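Just below is one structure, and these are the notes that go with it.
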Amino acid sequence: MNMRVLLTGMLAIGIAIDGFAAAPTAAQSWPTRPLSMVVPLAAGGAGDVLARILASRLSELLGQPVIVENVGGAGGMTGASRVAKAAPDGYQFVYGNVGTHAANQTLYEKPLYNAATDFAPVALIAETPIVLIARRDYPANNLQEFIGYAKANQAKMQYGSAGAGSAVHLACALLNAEIGVEITHVPYRGGNPAMQDLIAGRTDYQCALPADAMPQIASKTVKPISILSLDRLPTLPTLASAHEQGLTNFTTSVWGAFFFPKGTPAAIVRQLNEATIATLETPGVQKKLQEMGVTAIAPARRSPEYLRQFVESEIAKWAAVIKAAGISAAGAATRP
């Protein structure tokens, strides 16, 4: 065989082999620059604090800074929409929640995106059970007494929330439907003014995040009624769950999850999923989450496939609640 032909053939084979080897290497090189975690919530709230705890550990594990960007507006859809439209290159992802990726699909007449199809699910991260609290002089000390009083006095009662369509508003709407009462909702512009009016006795009850409720419970400015979940919360061990108090299997929570834009390579999705799981298994992170009253997702529920199915089920769940209660978001957002 001609030596030149032989060398040319060997070179071609070498190039082909190198090409096959280069493909996984390129995927494994991610990330090579800082990542942006879009948090569609105001800075300083419980969800933002949680996202920053995760971002700090993710930065260590990924070897690149994970920069938190607060992008609020339209019930969180502004920030989530930005990620849905971003390049699917693995450098921008959103810390989505029950509002951005479930309730808003029904609350708004024309949502800015399809939460079930416009994202690449990465991992369900955490759930925060809701705490039912009442004014200090509410004439009930447990959930069954609360239900009895509410049924007898629903025409003159009011409950507050951080805003129409907020996660805590929907939690109370779900509870009201479960116990069969229709009570006037008073929306506030944020959780703090809603809490202040409950403390002052201007409203009768509200559904709150543990981080917001625990200081008021400790100072005895509000009356704790129940954790709206199956199990008790370690940070409120003496407060019985709704399941324990007769609302069998009743649970409502605020959840958080990571999503990339649709079309992000599966290898990158897998790597962020693995880094997220490692973050959740970090003892220091676990301690901080427990202090906030947040429950890390069990291992069996952390896969991208599980999150995809979970989002679809959450959209359907909250659509039923929202439609039954006649809830809508004022000034519905529209697609540009």
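The values are calculated or read from the model by the stated rules, or taken from the named source; none is laboratory data. Note that the structure is a prediction, hence the values are computed from the model and not measured. Methodologically, a virtual Cβ is constructed for each residue, glycine included, from the backbone with ideal geometry; neighbour enumeration extends over all protein chains shown.
One residue alone among Thr276, Thr264 is assigned to a loop (DSSP other than H, G, I, E, B) and either small (Gly, Ala, Ser) or surrounded by 19 or more Cβ atoms within 10 Å (Cβ to Cβ) (or both), and that residue is Thr264. Taking the condition in a loop (DSSP other than H, G, I, E, B), in contact with a strand residue (DSSP E or B) (Cβ under 9 Å, 6 or more places away or on another chain), outside the structural domain of Ala162 (by TED's automatic domain parsing) and buried (at least 16 other Cβ atoms within 10 Å of the Cβ), does Gly293 pass? Yes: the conditions hold for Gly293.
Can we say Ala152 is assigned to a helix (DSSP H, G or I) and surrounded by 23 or more Cβ atoms within 10 Å (Cβ to Cβ)? When the stated conditions are applied, Ala152 does not pass them. Could you tell me whether the range 195-205 includes any residue that is assigned to a strand (DSSP E or B), in the same structural domain as Ile133 (by TED's automatic domain parsing) and among the small types (Gly, Ala, Ser)? Among the residues of the range 195-205, not one is assigned to a strand (DSSP E or B), in the same structural domain as Ile133 (by TED's automatic domain parsing) and among the small types (Gly, Ala, Ser), which makes the answer no.
The C-beta contact set for the range 48-61 (first residue at pLDDT 95 or above, second residue hydroxyl-bearing (Ser, Thr, Tyr), distance under 6 angstrom, 6+ apart or interchain) comprises Ala51/Tyr95; Leu54/Thr279; Arg57/Thr279; Arg57/Thr282; Leu58/Thr279.
Taking the range 47-68 as the range and being more than 14 Å from Thr282 (Cα to Cα), in contact with a Gly (Cβ under 9 Å, 6 or more places away or on another chain) and of a type outside the set (A, V, I, L, M) as the test, only Gly47 passes.
Say we look at the range 212-227 and pick out the residues that are touching a helix residue (DSSP H, G or I) at 6+ places or on another chain (Cβ under 6 Å) and not hydroxyl-bearing (Ser, Thr, Tyr); which of these is nearest to Leu143 (Cα to Cα)? In this case the residue turns out to be Ile225. Evaluate the range 275-295: report whether one residue or more is at pLDDT below 95 and of a type in the set (Ser, Thr, Tyr). Checked against the condition, which is being at pLDDT below 95 and of a type in the set (Ser, Thr, Tyr), the range 275-295 yields at least one hit.
Each residue in the range 149-172 was checked for being under 18 Å from Gly256 (Cα atoms) and in contact with a strand residue (DSSP E or B) (Cβ under 7 Å, 6 or more places away or on another chain), and 4 of them qualify. Here Leu198 meets the list (1) crowded, with 22+ Cβ neighbours inside 10 Å; (2) modelled with pLDDT under 95 almost entirely, failing just condition (2). Residues that are in contact (Cβ under 8 Å) with a residue 60 or more places away in the chain, closer than 24 Å to Ile227 by Cα and hydroxyl-bearing (Ser, Thr, Tyr) do not occur anywhere in the range 315-331.
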